[in-house]
Structure formats: structure tokens, C-alpha cells
Amino acid sequence: MKYVNQPIRKTDAMALVTGKPVYTDDLAPKDCLIVKVLRSPYANAWVEEIKTGNAAQTSGIVCVLTYKDVPKKRFTLAGQTYPELSPYDRLILDRHLRFVGDAVAIVAGETEQAVDKALKRIKVKYRVEAPVLDIHKAKDNPILVHPEDDWEAKVPVGADNKRNLCASNIEEKGDVDALLASCRYTVDYTYRTRPNQQTMMETFRTYCHIDHFGRLNVMSSTQIPFHVKRILGNALDIPASKIRVVKPRIGGGFGAKQTAVCEIYPAIVTWLTKRPSKIVYSRYESMICSSPRHEMEIRVRAGADENGIVKALDVYTLSNGGAYGEHSPTTVGLSGHKSIALYRHTEAYRFAYDVVYTNVQASGAYRGYGATQGIYAVESAVNELAAKMGMDPVKIRELNMPMEGEPLPAYGDCPTAPSCSMDRCLAKAKEMMDWDAKYPFRDMGNGKVRGVGVAMGMQGSSIAGVDVGSAELKLNEDGSYTLGLGCTDMGTGCDTILVQMAADCLDTKMENIVAFGVDTDISPYDSGSYASATTYTTGNAVVQACADLREKICGLGASMLGVDADKVDFDGEYVSYRETADSETSDNCEVVGGREAAGKNEAEDSGTKRVSLKDIAIKGTCGNSRELQVTRTYSSPISPPPFMVGMAEVEVDKETGKTQVVDYVAVVDCGTPINTNLARVQTEGGIAQGIGMALYEDVQYSDKGVIRNNSFMQYKIPSRQDIGDIRVEFECSYEESGPFGAKSIGELVIDTPCPAVADAVYNATGVRVRELPITPEKVAMGILKKEAGEQESNA
Amino acid sequence: MKISFWLNGVYRHEEVEPDVMLLDFLRDKGCLSVKRGCETANCGLCTVLVNDKPVLSCSVLAVRVEGRKVVTMEGMQREAQEFGSFLADEGAEQCGFCNPGFIMNVFAMLKEIKNPDEEQIKEYLAGNLCRCSGFVGQTRSILKFLRYKKAQEGGAE
């Protein structure tokens, strides 16, 4: 292997670091219409009357659209394989406004100033109703977020719009209550996670125009070009064949762009006016009407025997879907499936959940996709169990962690772990952190105390039996290759790592392969880049496409040599006859079209009968009826989990409660890291995001449902001064079903910071914070309460 | 209003509306490396140099550059390639959207502080957000770049 498992520079890196115009808004023409949306000031209201006359007459305004102007068929914006598990609960514009920020009207005009002016001139009479904001009161509340009769769940997921239920289910194995009752040690606690914003640096944006065939062309910053094509077809009520979606470079996604958050607005403007238009969301809009992480409340009952073996887990998740159901029935599943599976001795479990509609912005996909919330809860509960037993939290994991070939309870996509080096991850992390010396805490003698905490994490590699990855590979006339892809590089580097794989499979240089994607008219079908699928699923398609193309190259080469195809080898440069050269060699090579001299020299040089890839490529373009092009599509029946261990060292100021992560150790088993640099940076980035979720990030609402954190002023993501050391190592297993032994990495790496940091804070202070984020107030108040309690008991 | 200023070394006379921000003005003039990440001067994506000092172009009126020297990444391509290759070799450029503002601020930092240590780097660049990299790869790339520069200067002596 020359490229796989190497720290290869991303093939688009130099364009990015030199600021080249490669993103959606750089590529949209200057004179396209500017599209903006008038947004609801109320969490639950109906448009009684809407007057657009003055707005439409504003100079420079081209169209003003209201609920009267859009198709009346409901759809979902969730980027999922059809039939989507997310309910069809949206219209482009609806009379019923379901959250503060919901779309009331669309305005398009020639300048931003004109559009801003027109937005102010729209007069709306609202009928304001009381909203449902409390997740505990949403189910069976008389106030319905979706009272409409044309609401539809395409797939039975336990949803009922007349009960504010977006999904509901119970999964059970064994008698969990009886087993818990027999356990020597049990805990029963509820953990709360808050909504978080992905805050990719490039906000949502889309540019549309009509092409020479009258088709709607969409360029969008999206993770899901093929799903966007279907979604827009549904939304505009036109055949998807009339829509083409192209993805340029993407300025980050993290799941936010797995929902078609903004595409519908310019799409309907361009479809109706036939004029090019674009929308660029402000950061404000990206905060108040996008697709943040689901708020979840997770009750965990865990039981262990006298030896510290975790026997029973009972997990109930209450998830907040918000006003629309994108990704709601699916994210919640991961909160149980990917947390219970971390405990291989679990004999009985129950995983139940309700996902409710409320009058806040719709939740969506965010790196980790529910697993992050579930792992925070279950790992925290196990840490509490260990504390109760007086056992080192590393020890309880050594006794219970996933092992290769051992069960993954509740994880339906692989009953046992096909590849797993969690044991090595844990041992390595323990050594790197110098756990035994630092556990549980060290008093720094200056009012500050440092504690350490640990957590395990796992994710999947694609959605088993659903996700589809494809690769289209062709040999060009000059002997180079083009690799057509339908997956979406959003900065993650899949355009590079898939070329690394192809170059090794084809025994060629990476420079000799051009990756192309994504254009729904040209690229082979791919579900998109989400669910940690790309490296694993599309990677397998690439490996298979390379094998197929090699066969075709050998076939044409053999016929040029006049030998049987099964008697030749291809080394990347030449197709060679396997037998020792005989007198026929030069004759045959001379037959090879137009390259007699070269052929002769090569044959003489090597003394073997062979034909070069360049000659085969040229032959492919002249008098040839064999295509030097293949497409392979891959979908996996299993979803082999990557695993990791995270250890946090935090410093807590006992006076103020201020908590800082001074050191984070992450040891990852992602199978073979295809690109060691990119795998490392993915990990570092995921850990930093996780630290943000653990300590700072919180989307808060007023009692009227207005978001308090609508900019980077109030919604604080970590800056470089908030992040201490992040140390990453790999302890690789080899996943037989993966390309070059690879599993996924993208989502896994956000799963450990919340529980590890929470446990480190506990070990430092004795304060257990069960509601994220772990703010200084919560820690300081906890310390005060604990001290008061101690004084009382002393007295 | 009419303004006269240097844009990437070229003296220009331009017509500009009094309420236009430098960020929008520069993008309109084809400097598309300048990105917007927020509206509250928090993200650092729109950083450009005005008379060698880093400014957030989202928060400066275009008319304020009258008579001044404005430099965007379009005007520092050679330098961007040189430093950028260190960022790329860490894989820390990731989605790339924050890179131009971040790199322009790195240049500003190196003009002000000859040999910044890790703490100084973190402090100077604290206003440049990045959601992909977790920052540590960016810091590695700067430290490696500084060592390379030092070796280069040492070689020249």
C-alpha cells in the first residue's frame, strides 16, 4: 500500500488555504435574485390575513409568496432514504406557524436592500395561540403542534400527530425489572442534554437557475444532493426528473446539512419566476430556524452484580423533535442502541422512547445523531454505579467493555462485534493519561482541583441494509482515471481518501485519478455523506469498481496481445502476459495501434510480452467496443461499530465553579485509518465539539418560545483558548467487511467528552451534574450544597 | 461616495454607498476569499489587513479605507501557499471556510510578534473560530511553520 494509511494532503487543500472561490455563494452569479424569508414572531399562531401589495410594489421586488402560492402537499426536509422515517409534516409556507422563526412569506428581489424593505411592508394579522414548550407536557396535550389531517407518517414509527407524538416504541429483552431487583448494586438517574447547534462556519445557502431544457438547477451546500432532488420534487410538486442538484465545496455540515433547511425557498422562486435566485442564511437564521441536536431526557436504571458485572440496563428517552419531525424517529433509536451495546454482559434490557412535537425549531441531525446523548446518559450512569461500588471507573469498563466476537446487546446491526480493540484503547488511554496517578483528583493547592474522568463510545459505519454508496470509474484517453462519486465531501476529505483507496487498488499515482462529485445528473447514486457511511460504504464501492475496471483493462490488453484474458497481469502500468516471452512478443506488440516503436522497445527492454496502460487507453478510444468504465454500488447488511475511549482531565476552580478541560486523551479504533492525518483531525475536531456540548453550548428558549442564543454572542462555541491539549492515538482493529479494513470515524469522536468531562468534574469535586452543559453555576452551587450537607451531617 | 485606496497593491478609485460594509464591498470587487460567518464580529472569517493591521471587514464601513492599504488573501497568494501548505500537511484546513480569515490573522500576528509561543498564538488568534479542526492541528501547523522559517533564516545567515 502506498497511499492507504498514510498522512496524505487533501487534494483540494491548496485551493482552500489560498482562499479560492469554490463555495456556493462564490459561484452564484452576482445578478441573481436575493431571496429572504419573513419569519414568525410567535411560537404558535395562524395567519389570519396577509397583505403583500405594498411589498410587491417595492422597487426591485420580483415576487412575494405566501401560503396561498405554494403546493398543498406535505413533505419532509429530512435527508433520508425513501420512504423516509420522518413524517411528512411540512409545507413550503403554511398558515399554521409552529415556532418562532417559522416561515410566513418569501420575498425575492434584485437587491438585498429592496428585499429588506419589502419584508417590512408585509402586513400580517396573526391569531396567536398558546404554545407547547415543555417536553414533559407535550404528549397528549390538548394543544396540537400538528392538528392537520393531511399529516402523514410514511412508515409506522409509533407516531400520532393527534397526541403530539413523532415516534414511540419499546424494545425489550429478558425481564429487566426482575434482574434489576436481583442486582447487588443499582442506580436510577435521569440525565438531560440540551439542543446544540452545529455552527458549521458556512451557513445554509443555495443558488438556483433554470437551464436550457427548462429544468431547475440547484447548487447547494448540502450533504444530501440526491435526497434534495426528491425533497424539492415533493415540495414543488413537480417530477424530480426536472431537478438537478450540484454540490460544490461545502463549508462544514456536521449533520446540519442532512436536512434541506433552505433549498425550498430559492427553488420555488426560481421555478415560478424562471429567474436565477439565491438564499444565504444569516448566522441568526442558522441559530433560530435550522436543525439543531435533539434535546433529550434519558432515565437510566443500571444494575451490576457483586463483581461489578453490568447485568441489566433500562433506558427511557424522551426526545424533543420540535415543530417538525426531521430525523426525530431515527435519532432517538441510537440513544439506546449505541449505549446499551457498550455493556456486553447485559442479560436483560429495556429501551423505550417517546419523541414529542413542541413549538420550538425542528431538531435534526448532528454528528452522533442521538448516540451522543444516549452514551452520555449510560456512561454517566455506569460511572455512578462504579462510584457506588467503590470501584475505579476504568475497572468497571475493563470488566464490561465490548470485545471482538462478543455480544453487542440491543445493537441490531451486528449482534456481535466483528472487529474491536476497545481493550487496547482503554489500556492505551489509561497509560497516556497516567490514570492511576491522577485518579480521582489532585488538589493543586491554589483553590483549584484537577480530576479525571473516562467514557467509552461507539457508533456505526453506515445504516445497515439502507445506505447506498456508489463509484463510477473510467479510464480516460490519456491513461488517467476519473472517479465519479455521489458522496459529499464537506471538508472531511472523502474526495481524497477514496482516491487514496483507488490509487492503491489500481497501482497508480493519486495524481492520475480525478475525483468528481456531486452532480445528480452525472454522479452515481449515493445516499449522501451521513451516518458515518462514506469511508465504509462508498469505500467498498470504490474497491469493487477498481477490481472490475482492472478486469476490463486486462481484457482489452489481452486482446491487444492476442492472449487469453486469464493469462495476463496488470501492474498499474502494463498488462503483461504471464508466460516467458517468446518470439511472438514483438509481432504482437507491433499490432498495437500506432505505437509500434514504443511497443517494440518496451518488449525488448523487459523481455516480456506486454502492453502499456497508455496504449490500452488509446485503444479504448479508437475502434473499440469494450467500455473502459464501470459503476459499482454497495450497501452493507451490517454496520460494524468503531470504538473509542476518551479520558478527560479537568481543572475546577472550587470558588467559582469554572471548569476547563486541560487535557483530553482519545484512543480510537476506526479499523484501518485510511488517512492518518484526516482521521486525527476528525478526532480532534469531534472532541472539541464535544467539549463545547459538555461545558458551554445550550440553545435556550424564553417562556414564549423565543431563542435566547441567536448569535455567537450568546451561543458560545469553544475558541482555541478553551481547548487544552487533545491527544489522539489509534489502536486499530481490522474490519474484514470494510475497505482496507476500515470502519467509520466521523461521528464516534463526539461521543465521549460529555460523560468523561462530567465524570472528571465529579471526581474533582464530588458534584455530579446530570444536566448539560456543566456550567460554572451548576458546579459552584453543587459544591456549596455538598459543603452545607457535610456541615449538617458533622453537626 | 467616491473613495481612493490600495487594494492588494493597486491604487483604485471606487464608488461606494456610505452604508456598505468593507466585507460586502470587497466581495463585490471580486475578493471572494473574504467570508462571512456571523453578523456579530465573533468569528474572524472576514479578517483582512488594513495598513498591515487585522480588521474584521464585517464591522468596518467601506468608506473607512479611504487612503489606506487593504490586503486580502488574493493579494497574498504566495504567502498563503507557503503557510497554507503547513496547514494542509496537518489536514487542519478541513472544510476551508475559516481558512482565509484565520491565515490573514496569522500573517498579522507574525508581523507583530516575531516568535510567538503557544500561549501567544492562542491569545492572538482567539477570535478566529473553527468548528472542524478543534484548533490543535492549526496550532501544530503554526509551530511547524515557525520552525521552518527559523531554519530558513538560519540557513541564510
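The values are calculated or read from the model by the stated rules, or taken from the named source; none is laboratory data. Since the structure is predicted, the reported quantities are computational estimates derived from the model, not experimental observations. Neighbour counts run over all protein chains shown; Cβ positions are idealised from the backbone, glycine included.
Considering each residue of the range A:237-281, count those that are part of a loop (DSSP other than H, G, I, E, B) and within 14 Å of chain B (Cβ to nearest Cβ), and give that number.
Within the range A:237-281, the subset part of a loop (DSSP other than H, G, I, E, B) is A:237-239, A:247-248, A:250-255, A:260-263, A:274-276, A:281.
When the remaining residues are screened for being within 14 Å of chain B (Cβ to nearest Cβ), the result is A:247-248, A:250-255, A:281.
Qualifying residue count for the region: 9.
Please name all residue pairs, on different chains or six or more residues apart, with Cβ atoms under 8 Å, provided the first residue is in the range A:652-669 and is crowded, with 24+ Cβ neighbours inside 10 Å and the second residue is among the hydroxyl-bearing types (Ser, Thr, Tyr).
From the range A:652-669, the pairs are A:Val652/A:Thr659; A:Val652/A:Thr765; A:Ala666/A:Thr683; A:Ala666/A:Thr752; A:Val668/A:Thr683; A:Asp669/A:Ser419; A:Asp669/A:Ser421; A:Asp669/A:Ser733.
Which numbered condition in (1) within 14 Å of chain B (Cβ to nearest Cβ); (2) not in a loop (DSSP other than H, G, I, E, B) is the only one that A:Phe740 fails?
So the condition that A:Phe740 fails would be (1).
Every residue in the range A:720-737 that is crowded, with 20+ Cβ neighbours inside 10 Å and either in a strand (DSSP E or B) or among the small types (Gly, Ala, Ser) (or both), please.
Result: A:Ile726, A:Val728, A:Phe730, A:Ser733.
Considering B:Ala41, B:Ala126, which residue is in contact with a strand residue (DSSP E or B) (Cβ under 7 Å, 6 or more places away or on another chain), surrounded by fewer than 21 Cβ atoms within 10 Å (Cβ to Cβ), within 11 Å of chain A (Cβ to nearest Cβ) and closer than 30 Å to A:Gln714 by Cα?
On the way: B:Ala126 fails: in contact with a strand residue (DSSP E or B) (Cβ under 7 Å, 6 or more places away or on another chain).
Exactly one residue qualifies, and that residue is B:Ala41.
Looking at the range B:73-83, is at least one residue touching a Cys at 6+ places or on another chain (Cβ under 7 Å) and either of a type in the set (S, T, N, Q) or farther than 20 Å from A:Leu16 by Cβ (or both)? I'd like the intermediate steps shown before the answer.
Step one: of the range B:73-83, the residues touching a Cys at 6+ places or on another chain (Cβ under 7 Å) are B:74.
Applying the additional criterion that residues be either of a type in the set (S, T, N, Q) or farther than 20 Å from A:Leu16 by Cβ (or both) yields none.
No, the conditions are met nowhere in the range B:73-83.
If we keep just the residues of the range A:558-592 that are of a type in the set (S, T, N, Q) and either modelled with pLDDT under 95 or not assigned by TED's automatic domain parsing to the domain that holds A:Ser612 (or both), which is nearest to A:Lys609 (Cα to Cα)? Talk me through it step by step, then tell me what you get.
Of the residues in the range A:558-592, the ones of a type in the set (S, T, N, Q) are A:559, A:576, A:580, A:583, A:585-586, A:588.
Pick out the ones that are also either modelled with pLDDT under 95 or not assigned by TED's automatic domain parsing to the domain that holds A:Ser612 (or both) and you get A:580, A:583, A:585-586, A:588.
Numbers: A:Thr580: 8, A:Ser583: 9, A:Thr585: 5, A:Ser586: 8, A:Asn588: 8 Å.
Looking at the filtered set, the residue picked out is A:Thr585.
Table: residues versus (1) farther than 9 Å from A:Gly79 by Cβ; (2) among the acidic types (Asp, Glu); (3) buried (at least 24 other Cβ atoms within 10 Å of the Cβ); (4) over 16 Å from the mean Cα position of the chain (by Cα).
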| position | (1), (2), (3), (4) |
| --- | --- |
| A:Ser220 | yes, no, yes, yes |
| A:Lys229 | yes, no, no, yes |
| A:Asp237 | yes, yes, no, yes |
| A:Ser241 | yes, no, no, yes |
| A:Arg244 | yes, no, no, yes |
| A:Gly252 | yes, no, yes, no |
| A:Gly255 | yes, no, yes, no |
| A:Thr259 | no, no, yes, no |
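Evaluate the range A:163-177: report whether one residue or more is within 14 Å of chain B (Cβ to nearest Cβ), in contact with a Ser or Thr (Cβ under 9 Å, 6 or more places away or on another chain) and either more than 20 Å from A:Ser523 (Cα to Cα) or modelled with pLDDT of 95 or more (or both). Reasoning before the result, please.
From the range A:163-177, those within 14 Å of chain B (Cβ to nearest Cβ) are none; that's our starting set.
Looking through the range A:163-177, none of the residues is within 14 Å of chain B (Cβ to nearest Cβ), in contact with a Ser or Thr (Cβ under 9 Å, 6 or more places away or on another chain) and either more than 20 Å from A:Ser523 (Cα to Cα) or modelled with pLDDT of 95 or more (or both).
Which members of the range A:190-214 meet the condition of being in contact with a strand residue (DSSP E or B) (Cβ under 6 Å, 6 or more places away or on another chain) and part of a strand (DSSP E or B)?
Within the range A:190-214, A:Thr190, A:Tyr191, A:Arg192, A:Thr193, A:Arg205, A:Thr206, A:Tyr207, A:Cys208, A:His209 meet the criteria.
From the list A:Ser719, A:Ser702, which one is of a type in the set (Gly, Ala, Ser), more than 21 Å from A:Tyr530 (Cβ to Cβ) and within 14 Å of another protein chain (Cβ to nearest Cβ)? Break it down into steps so the answer makes sense when it comes.
Numbers: A:Ser702 fails: within 14 Å of another protein chain (Cβ to nearest Cβ).
One residue alone meets the criteria, A:Ser719.
Just the residues that are more than 19 Å from A:Gly685 (Cβ to Cβ), at the interface with chain A (Cβ under 9 Å from one of its Cβ atoms) and either assigned to a loop (DSSP other than H, G, I, E, B) or without any contact (Cβ under 8 Å) to a residue 12 or more places away in the chain (or both), please, taken from the range B:79-118.
Across the range B:79-118, the qualifying residues are B:Gln81, B:Ser85.
Which is of a type in the set (Lys, Arg) and more than 12 Å from every other protein chain (Cβ to nearest Cβ), of B:Arg27, B:Arg36, B:Arg68? Spell out how you get there, then give the answer.
Working: B:Arg27 fails: more than 12 Å from every other protein chain (Cβ to nearest Cβ); B:Arg36 fails: more than 12 Å from every other protein chain (Cβ to nearest Cβ).
B:Arg68 is the lone residue from the list that is of a type in the set (Lys, Arg) and more than 12 Å from every other protein chain (Cβ to nearest Cβ).
Would you be able to tell me the number of residues in the range A:505-531 that are outside any loop (DSSP other than H, G, I, E, B) and over 20 Å from A:Asp12 (Cβ atoms)? Spell out how you get there, then give the answer.
Within the range A:505-531, the subset outside any loop (DSSP other than H, G, I, E, B) is A:505-506, A:510-516, A:519.
Add one more test, that the residue is over 20 Å from A:Asp12 (Cβ atoms), and what stays is A:505-506.
Residues flagged as outside any loop (DSSP other than H, G, I, E, B) and over 20 Å from A:Asp12 (Cβ atoms) within the range A:505-531 amount to 2.
Among the strands (runs of 3 or more DSSP E) contained in the range A:345-463, which hold 1 or more residues that are free of Cβ contacts under 8 Å to residues at least 40 places away in the same chain?
Values: elements: A:348-357, A:441-443, A:448-458.
Those strands (runs of 3 or more DSSP E) span A:441-443.
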